[in-house]
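The values are calculated or read from the model by the stated rules, or taken from the named source; none is laboratory data. What you see is a predicted model; the values in this text were computed from it and never measured. Cβ placement follows ideal geometry from the backbone for every residue including glycine, while neighbour counts extend to all protein chains displayed. Keep in mind that these areas ignore ligands, DNA and RNA; they rest on the heavy atoms of the full protein, side chains included. Shrake-Rupley method; radii C 1.70, N 1.55, O 1.52, S 1.80 Å.
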Amino acid sequence: MKVLENCEPKRVFHYFEEICAIPHGSGNTRQLSDYLVSFAKAHNLEYMQDELNNVVIYKPAAPGYENAPTVIIQGHMDMVCEKRPDVDHDFTKDGLKLSVKDGYISANGTTLGGDDGIAVAYGLALLESTELKHPALEILITVDEEIGLLGATGFDCSVLKGKRLINLDSEEEGSLWVSCAGGLTAISHIPVQRVEAEGEKISVKIHGLAGGHSGAEIDKIRANANLLMGRFLYGLKKQAYYELLSLEGGQRDNVITKESLAQLLVSKEETEAVKAYALTVQAQLREEYTGTDENITITVTDEGSAKEAVLHPTSREKVLFYLHQIPFGIQKMSGSIEGLVETSTNLGCLKLSEDELFASSGVRSSVDAAKIALSDKIEHLTEFLGGEYEIQGGYPAWEYRRESPLRDRMVEIYKEMYGSMPEVVAIHAGLECGLFYKKIEDLDCVSLGPNMKDIHTSDEVLEIASVERVWNYLVKTLESLKD
């Protein structure tokens, strides 16, 4: 018996569970892409699979809808791969281990990939059905959205006819997203030099943070473990002399870093001072982040005597200066839309190798000039420290469209079904809608989706009842699009 066998709508959850059995982290989407092609062939549907592994599956209009304009249904197939430290899971080859509890689906200590596997499941259920009423459909499933919208960036939109697009990559039922921030990945390479040293090797681990999506949760003012590590190491200089061996934290620039690990060399006499300072800072941080990260923990572990290559004192200071000066969090709130974060950044990935410090920040803004200005600030900091700077995965903002027949129709349908108005909102997270909006002339698009919590973290959950309600709303919307 499958875990989701009794969940409604059955076919949506049937496909969601099949998707979860296929490894599909960002950069590892070929297997799922081929699965979609096999589905199209099995159902005698036309399809297109490009060299990036993006897939479009075409379904003809239902009887009576032959003259209705084509509708694009869009989502992405890749997921963020995060897990609890105690969980043994290889995202490159293992399927997810699903469970159901209290009306929610989770993946037992790993990310669930509801963002955006549920969009793929919705799309396949639409394609499979022979009973639904709808215009001609183009189900577009892209790759590598989570690492810079790479699939959408490289996609040739000339294979699409539709001018109306429903994106299924939001996480809040009852909200219609109609605008989003643009973004880029800001990467710093800071050169370092090393010298031989010996002493007592200890590790310092900052963990127990909430983490979260660097767009959707940045307004929660949660702590970032990489920034806390920089703060700890700077303060430690005043308490004990140490040498820096290694430093690492985070794997994705769109995830607020939950853990950061440093290895130090100290004298035997200084070991207890480091441990005492860790307890002091832990207490301070728990008080400071009450309400968001009360479980911040700093663990110091003895690893025995060692003789290794540590950072030259000048290189150590460059690393600490970078961590102390790199912007993080909300940089500006919108002056025109109440409660909307306009500009933010997140240091999501940090890695000290033999000869450089690698740092990757996700920069977001709904104002292109502000996005570039923030990028320039990180570039200036990088070059000031003798490093090299690069930008990857830049994508445009999705600008609010004052006249949107699709949005108006979906508001009307929602009101008819539920007796209340949906929230029509702009968001700070990035969506592929911005790229398609730039590529397809006169595109009219709206984003929606079921309730999810703690996406991009090992605590991610998907609400079962919400999936069904959004499915019914999507079906009713397509039925209404006869003109």
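Which angle from 0 to 90°, rounded to the nearest 10, does the C-alpha axis of helix 271-288 make with the longest principal axis of the chain? With rounding to tens, the tilt is 40 degrees.
Positive-end ranking of VAL363, GLN331, SER375 along the dipole of the range 294-451, with charges on Cβ about the Cα centre, is headed by GLN331.
Label positions at TYR400 and LYS2, each projected 7 Å from the Cα along the C-beta direction, are separated by 4.1 nm.
Across the chain, the fraction of Cα-Cα pairs farther apart than 45 Å, rounded to a whole number, is 17%.
Put a plus charge on the Cβ of each Lys and Arg, a minus charge on the Cβ of each Asp and Glu, and nothing anywhere else: the dipole of the range 399-466 about its Cα centre is then about 160 debye.
Given a Förster radius of 30 Å and the C-beta distance between SER158 and ILE337 as r, what FRET efficiency does 1/(1 + (r/R0)^6) yield to the nearest 0.05? Efficiency, rounded to the nearest 0.05: 0.35. In this simple spin-label model, placing a label point 7 Å from the Cα along the Cα-to-Cβ direction at both GLU303 and THR290 gives a separation of 3.5 nm. In this structure the range 219-354 gives 45 Å² per residue of accessible area when probed at 1.4 Å with all protein chains present.
Applying both filters, DSSP loop and at most 14 other Cβ atoms within 10 Å, to the GluC sites (Glu not before Pro) of the range 295-368 gives GLU338, GLU354.
Helix 225-236 and the long axis of the chain differ in direction by around 10°, with both axes built from C-alpha atoms.
Axis angle, to the nearest 10 degrees, between helix 114-128 and the longest C-alpha principal axis of the chain: 20 degrees. The lysines within cross-link reach of LYS93, meaning a Cα-to-Cα straight distance under 29 Å and a gap of 8 or more places when in the same chain, are LYS2, LYS10, LYS41, LYS83, LYS101, LYS205, LYS258, LYS351, LYS453. The Rg/Rh ratio for the range 209-364, using Cα coordinates for both the radius of gyration and the Kirkwood hydrodynamic radius, is 1.00.
Using R0 = 51 Å, the C-beta based FRET efficiency linking PHE358 and GLU416 works out to 0.45. One Cα centroid belongs to the range 42-119, the other to the range 290-331; the line between them spans 37 Å. Each other residue within a Cβ distance under 11 Å of VAL341 adds +1 if Lys or Arg and -1 if Asp or Glu, for a net charge of 0. As a fraction of the 1.4 Å probe accessible area of the chain, surface on carbon and sulfur atoms comes out at 48 percent. Per residue, the range 41-176 exposes 39 Å² of solvent-accessible protein surface, assessed with a 1.4 angstrom probe and all protein chains in place.
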